[in-house]
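The structure under discussion appears below in the form of structure tokens.
The values are calculated or read from the model by the stated rules, or taken from the named source; none is laboratory data. Note that this is a predicted model, so its numbers are computed, not measured. In this analysis, Cβ positions are derived from the backbone assuming ideal geometry, glycine residues included, and neighbour counts consider all displayed protein chains.
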Amino acid sequence: MDRPEIKNLEDLNGYLTTLEERIAVLEQEDRTVKGVINEINHDLQTSKRQEISLPGTGLLSHNFFTRAFTVWGHYVVASLIIGLIFTFIYLAVFVMILGNSVNFWTNFINLFR
């Protein structure tokens with residue numbers, strides 16, 4: 001903002017009043033910004049203090065053997081689940097093949113009667 005031409009005392013008083021009002025507005029905005037900054041800092045400090053909760057599992061143990069046996073246990077359970085799935089698939093295929101072969105042998109025997 002350009003400085004106006006000041007010719008008398010009234011112009012000077014008006015100009016100074018305008019400047020004081022602008023300063024008051026800027027001070028209010030400064031207090032608002034500082035309040036927001038303080039709020040953000042407080043939120044950051046409280047979030048740092050919160051403990052990160054991890055699940056209670058043997059995979060996070062400090063003991064090597066506990067971690068090793070936990071991994072081995074997960075491996076065994078996963079192998080059993082996968083093995084059961086493949087067993088059911090093989091069983092279904094076997095029943096289909098057995099059913100077809102029984103039907104084939106029945107028809108083959110009936111040919112000679």
Task: Yes/no for THR66 being in contact with a helix residue (DSSP H, G or I) (Cβ under 6 Å, 6 or more places away or on another chain), without any contact (Cβ under 8 Å) to a residue 24 or more places away in the chain and outside any loop (DSSP other than H, G, I, E, B) - done: yes
TODO: Could you check how many residues of segment 45-66 are surrounded by 10 or more Cβ atoms within 10 Å (Cβ to Cβ) and not polar (S, T, N, Q)?
DONE: 3
- [ ] For VAL93, state whether it is at pLDDT 95 or above and either within 46 Å of the chain's Cα centre (by Cα) or within 30 Å of GLU5 (Cα to Cα) (or both).
- [x] no
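Which members of segment 1-13 meet the condition of being without any contact (Cβ under 8 Å) to a residue 12 or more places away in the chain and within 59 Å of the chain's Cα centre (by Cα)?
Step one: list which residues in segment 1-13 are without any contact (Cβ under 8 Å) to a residue 12 or more places away in the chain, which gives 1-2, 4-13.
Once the filter is applied, which keeps residues that are without any contact (Cβ under 8 Å) to a residue 12 or more places away in the chain and within 59 Å of the chain's Cα centre (by Cα), segment 1-13 yields MET1, ASP2, PRO4.
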